[in-house]
């Protein structure tokens, strides 16, 4: 799974890196070294693919904000999003909460790394680990998004989820799942929601090769969502098991 990540690249950098055509945010968000569920996060979507003229140009790639924790269109309460921060790649086409978004609303969620917690042997305690791209480039998480409102007069809520897959060799000792990380040559295919062919989409949902990412232990300060700052991603010596907390 992915329960915390960092998003610190500026919108200006993301516009350049992801070939964004339009920025639909009112102000640049502050760097966030401890993104937790329910936070507003930056996403990249391809709009205009249902309009023949715009679609002929490949659509419009838009950088916008959404709440992390997908709220299905049929939900009675937005709190369901707290349980929908991740979507398993293996069941996207069947699970009621995600199958419509998988067909119609795929997105990229840019990140600069993510956290995972490694359980210590013979204890319930965990060591937080930080994972990022070896080349220092932003990560492109495969994401899904939805629109929801509780009544006809309410504003629309845009929300998103990170797609996860089985762990690669590097992550396997820490957790059996990891986010789907899209390489650059997959971005167009993932964002083009006119594409529904499983033979095209399924290969995008494989674990990223081990050589793409690296990982190191970080401070247990990241365990609290209230803590935020660049010190959270600094490499530390693994904490002795008797001082960790779950």
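The values are calculated or read from the model by the stated rules, or taken from the named source; none is laboratory data. The structure displayed is predicted, hence computed values, not measured ones. Quick reminder, even Gly has a Cβ in these numbers, built from the backbone with ideal geometry, and neighbours come from all protein chains shown.
Cβ separations smaller than 8 Å between residues 6+ apart or across chains give no pair from region 205-218 residues that are more than 18 Å from residue 141 (Cβ to Cβ) to residues that are assigned to a helix (DSSP H, G or I) and at pLDDT below 95. In region 22-58, of all residues being buried (at least 16 other Cβ atoms within 10 Å of the Cβ) and over 17 Å from the mean Cα position of the chain (by Cα), the one that is modelled with the highest pLDDT corresponds to 47. Summed over region 93-106, the residues that are in contact with a helix residue (DSSP H, G or I) (Cβ under 7 Å, 6 or more places away or on another chain) and under 19 Å from residue 148 (Cα atoms) give a count of 1. Please specify each residue of region 150-185 satisfying the condition of being surrounded by 20 or more Cβ atoms within 10 Å (Cβ to Cβ) and either touching a residue at least 60 places away in the same chain (Cβ under 8 Å) or not in a strand (DSSP E or B) (or both). Within region 150-185, 158, 159, 160, 161, 162, 163, 164, 171, 178, 179, 180, 182 qualify.
Looking at region 34-57, which of its residues are farther than 23 Å from residue 10 by Cα, outside any helix (DSSP H, G or I) and either in contact (Cβ under 8 Å) with a residue 60 or more places away in the chain or touching a helix residue (DSSP H, G or I) at 6+ places or on another chain (Cβ under 7 Å) (or both)?
Listed by number, the residues that qualify are 48, 49.
Scan region 116-149 residue by residue and report those that are more than 21 Å from residue 17 (Cα to Cα) and surrounded by fewer than 13 Cβ atoms within 10 Å (Cβ to Cβ). Matches in region 116-149: 121, 122, 123, 124. Of the residues examined, residue 236 is one that is out of contact with any helix residue (DSSP H, G or I) (no Cβ under 7 Å at 6 or more places or on another chain), surrounded by fewer than 17 Cβ atoms within 10 Å (Cβ to Cβ), part of a loop (DSSP other than H, G, I, E, B) and modelled with pLDDT of 95 or more. Any idea how many residues of region 136-149 are more than 16 Å from residue 7 (Cβ to Cβ) and in contact (Cβ under 8 Å) with a residue 60 or more places away in the chain? So the count comes out to 4.
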